[in-house]
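Following: one structure in structure tokens, then a few remarks.
The values are calculated or read from the model by the stated rules, or taken from the named source; none is laboratory data. All values reported here derive from a predicted model rather than from experimental measurement. Quick reminder, even Gly has a Cβ in these numbers, built from the backbone with ideal geometry, and neighbours come from all protein chains shown. Only protein heavy atoms, including side chains, enter the accessible area calculation; ligands, DNA and RNA are left aside. Shrake-Rupley method; radii C 1.70, N 1.55, O 1.52, S 1.80 Å.
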Amino acid sequence: MSRGSLFVILFTAASLAAALLVPAMPQPLAYHDFADRRALLGVANFLDVASNAGFLLAGIAGIVVVLRRRTVFEHPAERWSYAIFFLGVLLTAAGSAYYHLAPDNERLFWDRLPMTVAFMSLIAAQVVDRISVRGGLALLAPLLLVGAASVVYWLVTERAGAGNVIPYGLLQGYAVVMMLLLAALYRSRYTRGADIYWVFGAYIAAKLFETLDGELLRLGGLVSGHSLKHLAAAFAGFMVCRMLWRRVLEPAATAAPRPPTDRARRVPPPAGSASIR
């Protein structure tokens, strides 16, 4: 087993153990008290709602790029994980806008559910790009189910009066750190692989804006940190879109034959055929 695989397995095991062992914590009701409650054009919390247009645009642009014939995928099946990622981004626009019209736990479920679709499908996409096409595609459905289960579990426990948001919170952190680990430990078969670091940077910026929600609104009175959080997170989607638009296969990925490595063992395909790892 390679060192990279060991890191990934240990981090996954540690995250799972934490989800099971960390004491339960309900969703703090103060979470729904956002700084900017201004209404406009009859829309409550207008900027927190309208700023979700960034997700809408990123999702549409991404789906167009994924379906574009000139976008480079060594194997057609590789499009699935990215298509589902951008679908998750698109649905986040609807779910988050719905939530911010009247924030509460019930509506927050529809904000978080599509976010897990985006998180988990992007992990699968990175496994496809960097480790194994077959492995990444095989992981796609289980990852999506785990992501959805974390949100369903949270809402069910809230309704039962013993809310536990810990598994969802850990899942979100796991997804971001796992993408960073995959990028650091495994080289992509495509150029522009380092663009995934922009996604990590956008996530950090989004969390910072979220933390400074009221402070940023009071700073200039124009926009709150939470509205900026939406734009920063949508920026991550645009960076994935840009990566797909510009990337091509690395020269090493098209050369044949190529000796197997600990990172990815690949058997050269017969002439005239293309194998999926």
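Starting from the Cα of ALA30, step 7 Å toward the Cβ, then list every residue of region 203-224 with an amide N under 19 Å from that point. 207-218, by backbone N distance to the label point. Taking Cα centroids, how far is region 66-131 from region 170-215 in Å? Here the two parts' Cα centres lie 15 Å apart. Computed from the Cβ-Cβ distance with R0 of 35 Å, the FRET efficiency linking ALA44 to VAL156 stands at 0.80.
Shown for the chain are the DSSP H helices of 24 Å or more along their axis, judged by Cα atoms, with a mean Kyte-Doolittle hydropathy of at least -0.5: 3-21, 79-101, 105-130, 133-159, 166-185, 225-246. Take the Kirkwood radius over Cα pairs of region 1-151, plug it into Stokes-Einstein at 10 °C and 1.306 mPa s, and you get 91 µm²/s for translational diffusion.
Rg/Rh for region 20-65 (Cα atoms only, Rh after Kirkwood) is 1.21. Extents of the chain, taken as max minus min of Cα coordinates on every principal axis and listed largest first, are 63, 41, 28 Å.
For region 80-120, the percent of C-alpha pairs falling in each 10 Å distance bin, counted from 0 to the bin holding the largest distance, reads 36, 47, 16, 1.
Taking a probe of 1.4 Å, how large is the accessible area per residue of the chain, in Å²?
Details: 13740 Å² over 277 residues.
Per residue, the chain has 50 Å² of solvent-accessible surface.
Rg/Rh for region 64-197 (Cα atoms only, Rh after Kirkwood) is 1.02.
Based only on Cα atoms, what Rg/Rh ratio does region 126-191 have, Rh being taken as Kirkwood's radius? Display every interim value, and only then the final one.
Details: Rg = 15.1 Å, Rh = 13.4 Å.
Rounded to two decimals, Rg/Rh equals 1.13.
Taking a ≥ b ≥ c as the square roots of the Cα gyration tensor eigenvalues, with a/c under 1.5 meaning rounded and otherwise prolate when a/b beats b/c, else oblate, which class fits region 89-165?
On the way: a/c = 4.35, a/b = 1.81, b/c = 2.40.
Verdict is oblate for region 89-165.
At a 10 angstrom cut-off on C-beta neighbours, averaged per residue, how do the peptides 202-211, 243-252, 76-85 rank from highest to lowest? If you can, show how the numbers build up before the last one.
Numbers: 202-211: 17.2, 243-252: 15.0, 76-85: 19.5.
Descending mean neighbour count gives 76-85, 202-211, 243-252.
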